[in-house]
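What follows is a single structure, written as structure tokens, with notes after it.
The values are calculated or read from the model by the stated rules, or taken from the named source; none is laboratory data. Because the structure is a prediction, the values reported are computed rather than measured. Backbone-built Cβ (ideal geometry, glycine too); neighbour counts: all protein chains shown. SASA here: full protein model, heavy atoms, side chains in, ligands and nucleic acids out. Shrake-Rupley method; radii C 1.70, N 1.55, O 1.52, S 1.80 Å.
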Amino acid sequence: MHDLAVRGGTVVLGGAVVRCDIGVSGGRIAAIAERIEDAAEVVRADGLLVLPGGVDTHCHIEEPFPEGGFQEESWESASRSAFAGGTTSVVAHTPQFKGGGLMEQHRAARERAGRAMIDYGFHQIVADPSEAAMAEVPALVADGVGSLKAFLTYDALHLDDAGFLRVLQVARQNGLMVHVHCENYDAINLATRTLLAAGCTAPKYHAVSRPPVVEREATARAIALAELVGQPLHIFHVSCAEVAEEIARAQARGLPVKGETCPQYFTLTADDMDRPGFEGAKFMCSPAPRTAADHEGIWGMLRRGVLDVVTSDHCGFSYEGDRGKAKNGRDASFDAIPNGIPGLAARLPLVFSEGVSKGRIDLPAFAQLVAENPARIANLYPRKGVIAVGSDADLVLWDPTREVTLTNELMQHAIDYTPYEGMAVTGWPLVTIRRGEVVMRDGVVSAAPGSGQWLPRPARPV
């Protein structure tokens, strides 16, 4: 007898959409058949889609800051938000501080994540690729960290070309993927100094200080350096087709370069930061949202497969209070306002509504963008990201016709706002199942803190 049967749904099985039942035993999918009778528990999916649980491989959760303190989003609140939006696995980030090592931060991050309800892994940020720090990478690999993250901008994180090359070399030696935030540090600093000197300090100037060209240049440079070393590369949060074309050119040359985007780059624009007073800070993230005309360019790159992952880049800072966006005051210049927006729960509904409901992509493509391809990039496939016998029973029962207006309450995160407030979506998750356990039903999350599992990600020889 199966522990659980999901009956009567229309199931996305790889590239096919099939009416069938799913049997679950021991937290894994044990059978996919026209009819499954013997089950201790039955979840009815009549009239609903059954999708693989979302895999979000770009999140910032309960990270410590160099100056002390932690991001507001805890592992418990992030898990609730993820389940509410149909996501069942995440890969978050472990920081490294300049002059510091890796393993101490990694151990602390794993301890904090012990309260997670969602299954989780980590990218290791490298901010200072010193000889001592890089000597710790094999220990990280042995504990299941499968990727390094590099930033080409931000004062506390920026790597110059020499530092980035060192990260690429170490990753190649250890069989790790490198993920990279591509923006030109010096160009942004020059633009910022010029704007501030002219008295241009409002949130809207965040976008002016980092136009597409600074992202495009850094992307081309990162690809060239990875090509030199022979290291696979994944470009995070591509904001527009102009940048994605650099990835397309690399792929046309046969280079192992992948790219992702995020919902903010096909729903928000730079104009959202041009709001009265301080309100534009709610929409500040990097790279900055572009123009409405750029939205279709992103969808075109998704359809072409140049970009094949959509993550949230969940990095929340509350609007009220003194911990978040206003930590430096509501009169702070744009360069002193924390970057980042929350998006864990909104990701799947926005991709489905803007993509499937509006006819831009089909159901199999949706499942690939939000589940299968992120799992492949993170080396979690086929345990995660797909509905197949032997895979974890991570499932989402989805009403493709449900019309919902997004509100912050629906997001269930720790942040006091959502940049998607008031947006209408068509398509909504009704039930989320994590490893065979119903963890969300009709917006009510029922998982126990600490029930999430660590996801070790083996290295892959390059």
Open item on the list: For the range 391-411, check the following and say yes or no: at least one residue is small (Gly, Ala, Ser) and open to solvent by 30 Å² or more (accessible area, probe 1.4 Å).
Closed with: no
Open item on the list: So in the range 25-79, with the set limited to residues that are out of contact with any helix residue (DSSP H, G or I) (no Cβ under 9 Å at 6 or more places or on another chain) and of a type in the set (Val, Ile, Thr), which one is nearest to residue 110 (Cα to Cα)?
Closed with: 29
Open item on the list: Pull out all pairs, ordered by first then second residue, where Cβ-Cβ is under 6 Å, the residues are six or more apart or on different chains, the first lies in the range 432-446 and is in contact (Cβ under 8 Å) with a residue 40 or more places away in the chain and closer than 12 Å to residue 4 by Cβ, and the second is part of a loop (DSSP other than H, G, I, E, B) and of a type outside the set (A, V, I, L, M, F, W, C).
Closed with: 434/394; 435/27; 436/27
- [ ] Might you check whether a residue that is under 26 Å from residue 458 (Cβ atoms), modelled with pLDDT of 95 or more and open to solvent by 10 Å² or more (accessible area, probe 1.4 Å) occurs anywhere in the range 422-429?
- [x] no
Open item on the list: For residue 339, only one of the following conditions fails: (1) at pLDDT 95 or above; (2) open to solvent by 10 Å² or more (accessible area, probe 1.4 Å). What is its number?
Closed with: (1)
Open item on the list: Can you tell me which condition residue 117 does not meet? The list is (1) part of a loop (DSSP other than H, G, I, E, B); (2) without any contact (Cβ under 8 Å) to a residue 24 or more places away in the chain, and all the others hold.
Closed with: (2)
TODO: Kindly indicate the residue of the range 36-75 that is modelled with pLDDT under 95 and touching an Asp or Glu at 6+ places or on another chain (Cβ under 6 Å) and also least open to solvent (accessible area, probe 1.4 Å) among those meeting that condition.
DONE: 71
Task: Every residue from the range 326-357 that is assigned to a helix (DSSP H, G or I) and either under 20 Å from the mean Cα position of the chain (by Cα) or farther than 14 Å from residue 278 by Cβ (or both) - done: 335, 347, 348, 349, 350, 351, 352, 353, 354, 355, 356, 357
Open item on the list: Please determine whether any residue of the range 136-151 is open to solvent by 10 Å² or more (accessible area, probe 1.4 Å), of a type in the set (Asp, Glu), outside any strand (DSSP E or B) and within 29 Å of residue 348 (Cβ to Cβ).
Closed with: no
Task: Restricting the range 3-24 to residues that are within 19 Å of residue 432 (Cβ to Cβ) and free of Cβ contacts under 8 Å to residues at least 60 places away in the same chain, the residue that is surrounded by the most Cβ atoms within 10 Å (Cβ to Cβ) - done: 5
Open item on the list: Considering only the range 318-336, I want to know if a residue exists there that is open to solvent by less than 10 Å² (accessible area, probe 1.4 Å), in contact with a helix residue (DSSP H, G or I) (Cβ under 6 Å, 6 or more places away or on another chain) and without any contact (Cβ under 8 Å) to a residue 60 or more places away in the chain.
Closed with: yes
Open item on the list: With the structure loaded, tell me whether residue 296 is part of a helix (DSSP H, G or I), open to solvent by 30 Å² or more (accessible area, probe 1.4 Å) and of a type outside the set (Phe, Trp, Tyr) or whether it fails that test.
Closed with: yes
- [ ] Considering only residues that are over 16 Å from residue 284 (Cα atoms), of a type in the set (A, V, I, L, M, F, W, C) and outside any helix (DSSP H, G or I), look in the range 181-210 and name the one that is nearest to the chain's Cα centre (by Cα).
- [x] 182
TODO: Could you tell me whether any residue of the range 387-397 is farther than 17 Å from residue 88 by Cα and outside any loop (DSSP other than H, G, I, E, B)?
DONE: no
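Among the residues of the range 247-270, is any touching a residue at least 60 places away in the same chain (Cβ under 8 Å), among the hydroxyl-bearing types (Ser, Thr, Tyr) and not in a helix (DSSP H, G or I)?
So far as the range 247-270 goes, no, none of its residues is touching a residue at least 60 places away in the same chain (Cβ under 8 Å), among the hydroxyl-bearing types (Ser, Thr, Tyr) and not in a helix (DSSP H, G or I).
Would you tally the residues in the range 344-389 being within 13 Å of residue 57 (Cβ to Cβ), touching a residue at least 40 places away in the same chain (Cβ under 8 Å) and not aliphatic (A, V, I, L, M)? Please lay out each step first, then the result.
The first filter runs over the range 344-389 and keeps only residues within 13 Å of residue 57 (Cβ to Cβ), leaving 344, 347, 369-381, 384-385.
Subsequent filtering for residues that are touching a residue at least 40 places away in the same chain (Cβ under 8 Å) retains 344, 347, 369-375, 377-380, 384-385.
Keeping just the survivors that are not aliphatic (A, V, I, L, M) gives 347, 372-374, 379, 384-385.
Within the range 344-389, residues that are within 13 Å of residue 57 (Cβ to Cβ), touching a residue at least 40 places away in the same chain (Cβ under 8 Å) and not aliphatic (A, V, I, L, M) number 7.
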